[in-house]
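Novice: The structure follows.
The values are calculated or read from the model by the stated rules, or taken from the named source; none is laboratory data. Just so it is clear, the structure is predicted and the values come from calculations on it, not from any experiment. Methodologically, a virtual Cβ is constructed for each residue, glycine included, from the backbone with ideal geometry; neighbour enumeration extends over all protein chains shown.
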Amino acid sequence: MAYSYLYSIYGPKAKTLDIDFIHRMDCSSLSIIEKMIDKNINSPLASSCGRLFDAISSLIGIRDEISYEGQAAMELESFCASGMKERYKFSIYKERREIYY
């Protein structure tokens, strides 16, 4: 899933990106994925947040493969929460449509 996001943005140049995710992948596998996407073979469009979280988790090195639904998202949430010590210094009030600093 992560590579499909990169491929949709960068096209064939995606596999030449100098990022850890690409270095962890097998180049021949990426070429196969590209062909599958181009020919619409087992590559349905997905717009769910779950697939987005799967992709983000893989791109930043948290998890490339999952064993159960939601695993990558939960691990991403845990990773993000572990470093949070402060909150934004503003409040949003929906009913008043205002932001207070």
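Novice: May I ask you to list pairs of residues, at least six apart or on different chains, whose Cβ atoms are under 7 Å apart, with the first in segment 43-61 being within 10 Å of residue 2 (Cα to Cα) and the second being among the charged types (D, E, K, R) and surrounded by 14 or more Cβ atoms within 10 Å (Cβ to Cβ)?
Specialist: 57/63; 57/75; 58/64
Novice: Taking residue 11, is it on the phi > 0 side of the Ramachandran plot and not aliphatic (A, V, I, L, M)?
Specialist: Numbers: on the phi > 0 side of the Ramachandran plot: yes; not aliphatic (A, V, I, L, M): yes.
Yes; evaluated as a whole, the condition is true for this residue.
Novice: If you scan segment 12-52, which residues turn out to be assigned to a loop (DSSP other than H, G, I, E, B) and surrounded by 11 or more Cβ atoms within 10 Å (Cβ to Cβ)?
Specialist: Once the filter is applied, which keeps residues that are assigned to a loop (DSSP other than H, G, I, E, B) and surrounded by 11 or more Cβ atoms within 10 Å (Cβ to Cβ), segment 12-52 yields 17, 19, 25, 43, 46.
Novice: List the residue pairs whose Cβ atoms are under 6 Å apart, where the first residue sits in segment 13-28 and is more than 10 Å from residue 3 (Cβ to Cβ), the second is assigned to a loop (DSSP other than H, G, I, E, B), and the two are 6 or more positions apart or on different chains.
Specialist: Matching pairs, first to second residue: 20/61.
Novice: Spot the failing condition for residue 61; the list is (1) at pLDDT 90 or above; (2) assigned to a helix (DSSP H, G or I), and only one is missed.
Specialist: Of the numbered conditions (1) at pLDDT 90 or above; (2) assigned to a helix (DSSP H, G or I), the odd one out for residue 61 is (2).
Novice: Just to be sure, is residue 55 surrounded by 15 or more Cβ atoms within 10 Å (Cβ to Cβ) and either of a type in the set (Phe, Trp, Tyr) or under 12 Å from the mean Cα position of the chain (by Cα) (or both)?
Specialist: Numbers: surrounded by 15 or more Cβ atoms within 10 Å (Cβ to Cβ): yes; either of a type in the set (Phe, Trp, Tyr) or under 12 Å from the mean Cα position of the chain (by Cα) (or both): yes.
Yes; evaluated as a whole, the condition is true for this residue.
Novice: Still on this model: Mind counting the residues in segment 64-83 that are assigned to a loop (DSSP other than H, G, I, E, B), over 20 Å from residue 17 (Cα atoms) and of a type in the set (Asp, Glu)?
Specialist: First, the residues of segment 64-83 that are assigned to a loop (DSSP other than H, G, I, E, B): 64-70, 83.
Retained after the next criterion (residues that are over 20 Å from residue 17 (Cα atoms)): 65-70, 83.
Applying the additional criterion that residues be of a type in the set (Asp, Glu) yields 65, 69.
Number satisfying all stated conditions: 2.
Novice: Conditions: (1) surrounded by 12 or more Cβ atoms within 10 Å (Cβ to Cβ); (2) on the phi > 0 side of the Ramachandran plot. Residue 75 meets all but one. Number of the miss?
Specialist: Exception for residue 75: condition (2).
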